Amino acid sequence: MKLNTNMQVNRVTDEIWEISLSEKPGMLVPARIYATKGILQAMDSGVFDQVTNVACLPGIRRYALCMPDGHWGYGFPIGGVAAFDVQDGVISPGGVGYDINCGMRLIRTDLTLADVQPYLEKLMTELFLKVPAGVGASGFVRLSGEEFRRVMTHGAKWCVERGYGWHRDLVRMEEGGCIQGADPSIVTNHAIQRGINQLGTLGSGNHYLEVQVVSNERIFDPVTAAALGITGHEQIVVMVHCGSRGFGHQVASDYLKIFEKAMRRYGITVKDQQLACAPFRSPEGQEYFSAMNCAANTAFANRQVITHQIREAFAAVFGRSAEALGMELVYDVAHNIAKVERYAEGELVVHRKGATRAFGPGSQELPEVFRQTGQPVICGGSMETGSYLLVGTDQAVRDTFGSTMHGAGRTMSRAQAKRTVSGAQLQQQMKQRGILVKAVSMSGLAEEAGLAYKDISEVVESVDRAGITKKVAELRPIGNIKG
Amino acid sequence: MAWTFRFLEEIALADIAFEAEGESVEEVFFGATQALLESMANPATVSGGWERAIERTDVDPSALLFDWLSEVVYWKDAAGVVFQEAPLTLMREGDVWLLRARLIGAPVDQQTQELHADVKGVTKHLYELKQTGGRWKVRVVLDV
């Protein structure tokens, strides 16, 4: 089998591949990649190099993992999962990423395609106005420094207190939209200044807001779908992909610098500067963890304010309240985060970078509402091909530290995508296929063309067959907003 | 001035990578700064009006360039601006490198400016400033 690496990659099952300790000096655990043979063969060389670099980090347990949407990142691969012992292991900002708690949110509605189609242009225009996107965009929420610090500690709860959401939204978010242990006192003024005006904004890159349709024939598990509010019959749902914006980016930048110095003090060497890390129990490790939680809570709040704006936009266009339109949250899940979780090995700091938590029905961590179904997992595809709703499994908890994929994963560079198609051309082609796109940047739009991504269906099949998540429904785009 | 830059396609698929080079460290600073400004918006479409003077020192020119580029990204969000140009001078006084720069730009305007990527951060992934064959080069990966 021809792969983009010289390392020996061994088949464990048709969906699990292993690189043993002997393939790179310093590896403390084997690396495992979840992928079909076809996806593995297409993976870029960076994935193999980076996942084995991660396997060398102090205190890593069991395996360094990469999901099938994995691709070359910086330090950790995108799609990377690694768990470190809380006592002798490390925490690494590079294992979380710059966009702390970048994540996905799915909102259901009682509307159907027939209801929305005649008003789609009006709806997308309204959404484009209400949810700022693109470089340097600021939101409508004006915060004092004190109030912003409350956002950092209370996350989505702050939004609900201020009327930007419903109390019942909170139970349908990872950690209830508010992670404990956030300490604003250790966040720099630079980070605050960079993010204070950005609550309720999408950003750019691969971030988006998408109006989608769920058809009956694309529901794979009708019982679970119904339990999550997905009824099919050309039902309209709304997906949001974004994170902690400039605030989280600055927290990551600040601590990468601190960790570079800390590594020297703790005698830690890494194979890539971007893997800078510190012992989890060290003062630096604990401070980053607290600051990261501030950013994670801000990301929950960001997606909650965006949800409020989406509900307002739908209410304005359809002349009925969001509640009357059945706009309940299905779930909100992080895919760039580090969390302390308990596994067979004990308490571990699980890093997920472009990977989603996927707890099964048996997990005591889940609220009652998901004890039958398992935790919803939202995977965004390219804006041309569609996305998926899945649920976590108890097998994921056993095999992958309760983790799975997060999206399609890129196969083409941004520059190559732009050379292949222009933004205006793509917008026109998508319109002809029934997908209305509003974009701030036409070059940014071209960079996100479907041809730049893996086939999400094959990626989803990998994790479904491996048993670490189960397919519930496919979601087909009809309208997209990009920064 | 003989600085140049080019965007790299073969690394960091989801992000933006570029290589800048020049005959001096100062020229590399020019090239890398220009590549960063163009990653965020077309400078030719950005008017002036917003300006910030920035002065920084470091004994390590590589660290100084990294901090400077990070500072540009910071102001993009903190002031909600994109940039037209960033004239700069780089001097060496003993062991210390001194950067004096002016960031010139305007508040983001989606109607008049050609906007590109919202850069999240300057990464240390494959980051390297070095002198090869008489020319200075730096490779930078931006998280977008």
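The values are calculated or read from the model by the stated rules, or taken from the named source; none is laboratory data. Computed from a prediction, not measured in an experiment: that's the story for all the values here. Cβ coordinates were reconstructed from backbone atoms using ideal geometry, including for glycine residues, and neighbour counts include every protein chain displayed. Heads up: the accessible areas ignore ligands, DNA and RNA and are worked out on the full protein's heavy atoms, side chains in. Shrake-Rupley method; radii C 1.70, N 1.55, O 1.52, S 1.80 Å.
Within segment A:94-126, restricting attention to residues that are under 17 Å from A:Val237 (Cα atoms) and charged (D, E, K, R), the residue that is farthest from the other protein chains (Cβ to nearest Cβ) is A:Asp110. For segment B:1-53, a residue qualifies if it is within 13 Å of the chain's Cα centre (by Cα), open to solvent by 10 Å² or more (accessible area, probe 1.4 Å) and either closer than 17 Å to B:Ala106 by Cβ or polar (S, T, N, Q) (or both), and the qualifying residues are B:Thr4, B:Gln34, B:Glu38, B:Pro43. Scan B:Leu126, B:Leu98 and give me the residue that is facing chain A (nearest Cβ under 9 Å), surrounded by fewer than 21 Cβ atoms within 10 Å (Cβ to Cβ) and in a strand (DSSP E or B). Among B:Leu126, B:Leu98, only B:Leu126 is facing chain A (nearest Cβ under 9 Å), surrounded by fewer than 21 Cβ atoms within 10 Å (Cβ to Cβ) and in a strand (DSSP E or B). Scanning segment A:408-435 for residues that are of a type in the set (Ser, Thr, Tyr), under 19 Å from A:Ser204 (Cβ atoms) and more than 9 Å from chain B (Cβ to nearest Cβ) yields one hit, A:Ser422.
Does B:Val73 meet the test of being within 13 Å of chain A (Cβ to nearest Cβ) and either more than 21 Å from A:Gln273 (Cα to Cα) or among the hydroxyl-bearing types (Ser, Thr, Tyr) (or both)? Answer is no for this residue. For B:Thr112, the conditions (1) out of contact with any Pro (no Cβ under 6 Å at 6 or more places or on another chain); (2) more than 8 Å from every other protein chain (Cβ to nearest Cβ); (3) part of a strand (DSSP E or B) are fulfilled apart from (3). The sole residue among A:Thr404, A:Thr385 that is open to solvent by 30 Å² or more (accessible area, probe 1.4 Å), away from chain B (no Cβ under 14 Å), hydroxyl-bearing (Ser, Thr, Tyr) and under 26 Å from A:Arg357 (Cα atoms) is A:Thr385. A:Leu202 passes every criterion in (1) under 30 Å from A:Glu234 (Cβ atoms); (2) assigned to a helix (DSSP H, G or I); (3) within 14 Å of chain B (Cβ to nearest Cβ) apart from (2). Restrict the check to segment A:103-113 and report whether at least one residue is small (Gly, Ala, Ser) and under 22 Å from the mean Cα position of the chain (by Cα). Yes, segment A:103-113 has at least one match.
Could you tell me whether A:Arg433 is open to solvent by 30 Å² or more (accessible area, probe 1.4 Å), under 24 Å from A:Gln117 (Cβ atoms), modelled with pLDDT of 90 or more and of a type in the set (Lys, Arg)? So A:Arg433 fits the description; yes. Looking at the structure I just gave you, is B:Trp68 aromatic (Phe, Trp, Tyr), open to solvent by 50 Å² or more (accessible area, probe 1.4 Å) and under 13 Å from the mean Cα position of the chain (by Cα)? Here the answer is no, as B:Trp68 does not meet what is asked. Would you call A:Val135 crowded, with 23+ Cβ neighbours inside 10 Å and either in contact with a helix residue (DSSP H, G or I) (Cβ under 7 Å, 6 or more places away or on another chain) or within 15 Å of A:Arg303 (Cα to Cα) (or both)? In short, yes. Segment A:1-84 holds strands (runs of 3 or more DSSP E) entirely within its bounds, and those carrying 2 or more residues that are within 13 Å of another protein chain (Cβ to nearest Cβ) and open to solvent by less than 40 Å² (accessible area, probe 1.4 Å) map to A:60-74.
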